[in-house]
Amino acid sequence: MINHISNLGATLWRAMGDGALVTDGALVLGANRALATALGTTEEDLVGRPLTDLFATSLAATHDGYGPYTIGDLVRDAAAGHPGRASFELRGGRAGGREIELHLERMDPTTLVGLVQRGPEDGVLDVRLREAQRMESVGRLAAGIAHDFNNMLSPILVYSDLLLDDAQLTEVQSEQLGVVRSAAERCRVLSRRLLDLGRRRPSGQRAADLRQVVSNLEPLLQRSLSSDVRLEVELTSAETVVLADPSQIEQIVSNLVLNAHDAMPTGGEIHVQIRRRTFAAGDLDGHPDAVAGDFGVIVVSDNGVGMDPDLQQRAFEPFFSTKGDAGTGLGLATVQGIARQHGGHVRLYSEPGLGTTLRVYLPSTSASIAEPVCGQAPIESRRGRGELILVAEDDHLIRAVASTILERIGYRVMVARSGAEALELLSTSSERVDLLLTDVIMPDMTGAELAARVKARFRAVEAVYMSGYTDKVVARHGLLHPHISVLEKPFTENELAAQIGRALD
């Protein structure tokens with residue numbers, strides 16, 4: 001036995017990343033460290049053990065096309081001088097249940113050498129891991145871009161609104177400003193898409209019926225389509241309740257419908273369907289990202305240009321677009337991201353010239369849909385009554401916008417560029433601050449840290465936090481709570497006024 005291992009090279013034998021063994025066809029005569037580690041034992045312990053103790057019945061055909069093997073079949077072929085390879089499950093250890101490939105070859109008339117390599121599923125897992133790592137990087141990049149983007153959008157939205165209120169504007173000036181305001185709103189939507197790429201869990205989850213969400217959205221979808229495109233909506237008669245953020249479900253449907261519209265440059269039909277589907281474990285072969293259970297299904301199909309296999313491979317890739325400069329490449333990436341956040345998955349079927357169908361599967365829930373509360377009027381923005389508001393924000397554009405709005409609607413304002421400057425202003429002022437408006441993240445301290453120090457001096461003071469980051473970042477600072485006021489950037493005058501009014505009341 002020692003001579004056989006020496007022939008292979010003792011150093012190589014121990015250093016191999018793949019598992020390896022030597023056998024007489026029935027028992028293990030020797031094994032390397034990699035195989036022993038995978039099986040949770042030692043090299044010495046494996047010696048003398050039957051092969052059937054280590055490898056369960058074959059799961060798949062050999063790579064040579066002979067059909068399913070048992071371990072006995074594989075040994076007989078290898079002993080006869082026909083190297084064989086087959087898929088098995090490892091028994092025991094940390095790799096127990098994992099599918100592997102065992103390759104056996106005859107080394108001499110009485111001895112076989114085997115190489116244990118990872119099975120095809122591990123390759124799938126590697127691909128998925130790389131994809132997840134890439135999406136994590138893309139998400140972080142997108143969230144950072146969106147944050148800076150949001151800071152720049154706030155002044156565009158606010159000052160456009162202020163100028164549009166000017167009665168001295170000519171009709172042409174009003175139209176031009178309206179175009180600027182409309183473009184800013186479109187950028188706001190794009191910014192939220194970017195944030196969705198960086199978000200790891202959905203906010204605002206509640207029980208929602210997919211039929212109701214789509215029914216409410218249908219009029220808006222109809223207005224978004226050109227006259228040569230017909231939209232048909234078909235809703236199942238059964239409840240399709242999922243635990244979801246309704247606004248993100250609307251985004252899924254909108255993205256898919258608009259994508260379908262763009263795939264039909266000469267017109268056509270778009271069908272939106274809501275269905276129910278139950279998956280058993282056996283239905284999921286070839287879909288490693290799916291789980292068994294009950295699902296609500298959003299189906300959007302078109303009879304447009306379709307996609308060839310190469311395009312389908314890249315369809316969900318962030319920033320990849322078939323529309324040239326007209327596309328952002330975020331539509332399907334966002335759909336897939338939202339589906340995964342909700343524990344669901346997406347399926348794509350397309351053929352060139354025949355159209356495309358996308359199915360979004362979202363896990364069903366038995367939770368009850370909350371009834372809307374009657375008689376609750378929306379909270380109107382109240383004007384200030386001379387209250388003093390301390391604004392702490394490191395971005396000069398947001399400081400200027402917030403100060404302009406607050407002074408315009410009747411508040412007094414103290415402005416600081418950092419947490420330290422805000423505390424210095426308080427230490428030199430004899431006035432009492434009624435509210436703190438602060439960014440969540442500043443270079444010298446967080447908004448939560450500043451609020452704690454301000455409240456130590458003025459115990460009854462309220463705080464409103466501004467953030468252009470995802471909910472995940474806000475939650476990390478302990479601010480994702482119903483009783484904590486967080487204003488999402490970019491904001492408008494009405495949104496800021498309403499948030500400040502609620503906090504003071």
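General observations
- For T170, T357, T334, order by how many other beta-carbon atoms lie within 10 Å, fewest first: T170, T357, T334
- Given their separation in residues at 0.36 nm each and the Cα-Cα distance between them, L504 and D161 gain 121.1 nm when the chain is fully extended.
- The length gained by stretching the chain between T42 and E269 to full extension, at 0.36 nm per residue less their Cα-Cα distance, is 75.3 nm.
- Two-site FRET efficiency, A292 against T52, from Cβ-Cβ distance with R₀ of 30 Å, rounded to 0.05: 0.45
- Separation in nanometres of the label points that stand 7 Å from Cα toward Cβ, at E424 and N494: 3.9 nm
- Relative contact order (%) - region 388-504, alpha-carbon pairs under 8 angstrom, separation at least six: 24 percent
- With both labels modelled 7 Å from their Cα along Cα-to-Cβ, the Q176 to E105 distance reads 7.8 nm.
- Put a plus charge on the Cβ of each Lys and Arg, a minus charge on the Cβ of each Asp and Glu, and nothing anywhere else: the dipole of region 205-366 about its Cα centre is then about 320 debye.
- Beta bridge orientation in region 388-504: antiparallel %, DSSP, nearest 5: 5 percent
- Placing a pseudo-label 7 Å from each Cα along the Cα-to-Cβ vector at R459 and R277 gives an inter-label distance of 5.9 nm.
- Rounded to whole Hz, the Karplus (6.51, -1.76, 1.60) HN-Hα couplings of region 357-365, x for glycine and proline: 10, 10, 10, 10, 9, 10, x, 6, 9
Only the coordinates and a few stated rules stand behind these numbers; no lab work does. Keep in mind that this is a model prediction, so the values were computed, not measured. Positions of Cβ are generated from backbone atoms using ideal geometry, with glycine treated the same way; all protein chains shown enter the neighbour counts.
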